[in-house]
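Novice: Handing you this structure, nothing more for now.
The values are calculated or read from the model by the stated rules, or taken from the named source; none is laboratory data. Here the structure is a predicted model, which is why all the values come from computation and not from measurement. Backbone-built Cβ (ideal geometry, glycine too); neighbour counts: all protein chains shown.
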Amino acid sequence: MTATVRSVAKAVAMLQAFDSQHRLLTVRELSALTGVPRSTCHALCQTLVETGLLEMHGAEGYQLGQSLATLGGQVIERTGLVDATLGPVSTQLASTRTEIHVAQYVPTGIVYLLRLQNGRRLPNRNRTGRHWPLHGSACGLAVYATLPANARAPHREGLPEETLALMDEAAVAFVKRGYIVTEVSQEGFRSVGAPVLDQHGDVVGAIGTGDARNLMNPQRTHEIGVAIRRAAETSSRALGFLPSLAPDASQKRRPA
């Protein structure tokens, strides 16, 4: 690896150090999180600020720059997930009277793109733009359940046996009913999710919703689950997914 490529890799590692728990980072903190020497961090931060990928936030440190929104927006537009789901979630899910979430699959989990108010608003840890691991929500588990075994492996690394068992149980249940039901996202809250597939039959994201557990009896959970599954199927068709035409369709998981 050349010196130039190493510098790029270090800069990327620094950008990836920012997340919902680390929105502001000092040079010292960036160095500790990435292992990049402090002097190198300082120099790279200056370059990243000049290019708009980082911004100074007073004396508190650095935050991600708005130029990244331009780059991320191109990925969102290319996938077409928002356009494909907006109609179905606005019409087919209106009767659920719950907040609807749309999340996009990324190599490290999911990122929430939409939160549509469709009824009473409940306290929820999900935020537009927030990243979650696949095991942390109904949307994430819906994506996980649709992935082939080799693509699931990176999302299982380092997790406790209890979490792995939960993920496996969710995947098995998904095959039977075509949607995920879980209470992992937050205490006292039951969530439902289903995957959205592209024209190749590959999962690109998921649609999810939920409500207070005491309001989600088995019948209502099933009714909302079926509605979520159908909205995900409609969204998948909008992206060009046709099971009979998808490559290796017999080997791919898809909304039931």
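Novice: Could you please tell me which pairs satisfy a Cβ distance under 6 Å, a separation of 6+ or placement on different chains, a first residue in region 82-108 that is of a type in the set (A, V, I, L, M), and a second residue that is part of a helix (DSSP H, G or I) and surrounded by fewer than 21 Cβ atoms within 10 Å (Cβ to Cβ)?
Specialist: Listed by first residue and then by second, the contacts come to 84/238.
Novice: Right, another one. Say we look at region 176-222 and pick out the residues that are of a type in the set (D, E, K, R) and part of a helix (DSSP H, G or I); which of these is farthest from residue 109 (Cα to Cα)?
Specialist: 220
Novice: Still on this structure, please answer the following. Go through (1) at pLDDT 90 or above; (2) in the same structural domain as residue 221 (by TED's automatic domain parsing); (3) touching a strand residue (DSSP E or B) at 6+ places or on another chain (Cβ under 8 Å); (4) of a type outside the set (Asp, Glu) and name the single condition residue 107 misses.
Specialist: (3)
Novice: Tell me which of these residue 59 doesn't satisfy, since it passes every other one: (1) over 20 Å from residue 114 (Cβ atoms); (2) surrounded by 15 or more Cβ atoms within 10 Å (Cβ to Cβ); (3) modelled with pLDDT under 95.
Specialist: (2)
Novice: I've got another one for you. Name the residues in region 119-136 that are at pLDDT below 65 and either under 16 Å from residue 102 (Cα atoms) or exposed (fewer than 12 other Cβ atoms within 10 Å of the Cβ) (or both), would you?
Specialist: If the condition is that a residue be at pLDDT below 65 and either under 16 Å from residue 102 (Cα atoms) or exposed (fewer than 12 other Cβ atoms within 10 Å of the Cβ) (or both), then 120, 121, 123, 124 are the ones that fit.
Novice: Moving to a separate point now. Scan region 63-82 and give yes if some residue there is part of a helix (DSSP H, G or I), out of contact with any Phe, Trp or Tyr (no Cβ under 7 Å at 6 or more places or on another chain) and crowded, with 21+ Cβ neighbours inside 10 Å, otherwise no.
Specialist: Yes: region 63-82 contains one or more residues that are part of a helix (DSSP H, G or I), out of contact with any Phe, Trp or Tyr (no Cβ under 7 Å at 6 or more places or on another chain) and crowded, with 21+ Cβ neighbours inside 10 Å.
Novice: Right, another one. Got at least one residue in region 31-50 being assigned to a loop (DSSP other than H, G, I, E, B), of a type in the set (Ser, Thr, Tyr) and outside the structural domain of residue 116 (by TED's automatic domain parsing)?
Specialist: Taking every residue of region 31-50 in turn, none turns out to be assigned to a loop (DSSP other than H, G, I, E, B), of a type in the set (Ser, Thr, Tyr) and outside the structural domain of residue 116 (by TED's automatic domain parsing).
Novice: Next question, about the same structure. Would you mention how many residues in region 1-30 are free of Cβ contacts under 8 Å to residues at least 12 places away in the same chain and either more than 27 Å from the chain's Cα centre (by Cα) or in a loop (DSSP other than H, G, I, E, B) (or both)?
Specialist: 8
Novice: In addition: Are any residues in region 215-243 in contact (Cβ under 8 Å) with a residue 12 or more places away in the chain, of a type in the set (S, T, N, Q) and surrounded by fewer than 24 Cβ atoms within 10 Å (Cβ to Cβ), and if so, which ones?
Specialist: Matches in region 215-243: 221, 234.
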